[in-house]
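Presented below is the structure to which this report refers.
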Amino acid sequence: MYNRGCNKENIFREEENYVYLKRLLDESLQRRHVSMIAHCLMPNHYHFLMRQETEIPISEVIHDVFNSYVKAFNRKYGRTGTLFEERFKVKHITDDRYLIHLSRYIHRNPLEAGLVSEIESWMHSDYLEWTAGKGSKGFVWNLFPEPDDYARFVSEYKTQS
């Protein structure tokens, strides 16, 4: 799932914005029993790879989180109206190989955008959790038994020109 700011404008203007959204997201994920598999927050967009664990649709998480976030953002910066270009986009993933490719794409996003020279430097994703072997990413460890295996998988990827 992903979305970007209206007119490609930033949806995060300062560190506090990232922290606030992450807190809202963590609270809503826990309340709704939705798992975050991978995520990356970028200055003008976001990527979430989530798994629905119950009958509660993931869209409820997104609605809750961004309804609160946009209201707070608009209040803080004295603006009105929409923050996002349009409704968030969703892709249904059923294949583990595609899921792993997508996680790599998400984690490489700051590098590909030129925001960092090393993926590890971007603090607004869960890449470091993946490569430290933390979190509840059990299916990942079936494909990458060692965290370094995933780090290599991500770093050795060559984008297609």
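The values are calculated or read from the model by the stated rules, or taken from the named source; none is laboratory data. All figures in this text were calculated on a predicted structure; none of them were measured in a lab. Note that we place each Cβ from the backbone using ideal geometry, even for glycine, and neighbour counts take in every protein chain shown. For the accessible areas, the whole protein counts, side chains as well, though only heavy atoms, and no ligand, DNA or RNA atoms are used. Shrake-Rupley method; radii C 1.70, N 1.55, O 1.52, S 1.80 Å.
Here are some notes:
- Subset of region 53-76 [in contact with a strand residue (DSSP E or B) (Cβ under 8 Å, 6 or more places away or on another chain) and under 16 Å from PHE12 (Cβ atoms)]: PHE66, VAL70
- Listed by first and then second residue, the pairs linking a residue in region 65-90 that is part of a strand (DSSP E or B) to a residue that is among the polar types (S, T, N, Q) and open to solvent by less than 70 Å² (accessible area, probe 1.4 Å), with Cβ atoms under 8 Å apart and 6 or more places separating them unless they lie on different chains, are PHE84/ASN3; LYS89/ASN3.
- Matching residues, region 93-142, being in contact with a strand residue (DSSP E or B) (Cβ under 9 Å, 6 or more places away or on another chain), in a loop (DSSP other than H, G, I, E, B) and at pLDDT 95 or above: ALA113, LEU115, TRP122, HIS124
- Cβ-Cβ under 8 Å pairs, at least 6 apart or on other chains, region 32-48 side of a type in the set (D, E, K, R), far side open to solvent by less than 30 Å² (accessible area, probe 1.4 Å) and modelled with pLDDT of 95 or more: none
- Residue check for TYR127: open to solvent by 80 Å² or more (accessible area, probe 1.4 Å), closer than 23 Å to LYS158 by Cα and not acidic (Asp, Glu): no
- Considering region 51-64, the residues that are in a helix (DSSP H, G or I) and of a type in the set (Val, Ile, Thr) include one that is surrounded by the most Cβ atoms within 10 Å (Cβ to Cβ), namely VAL61.
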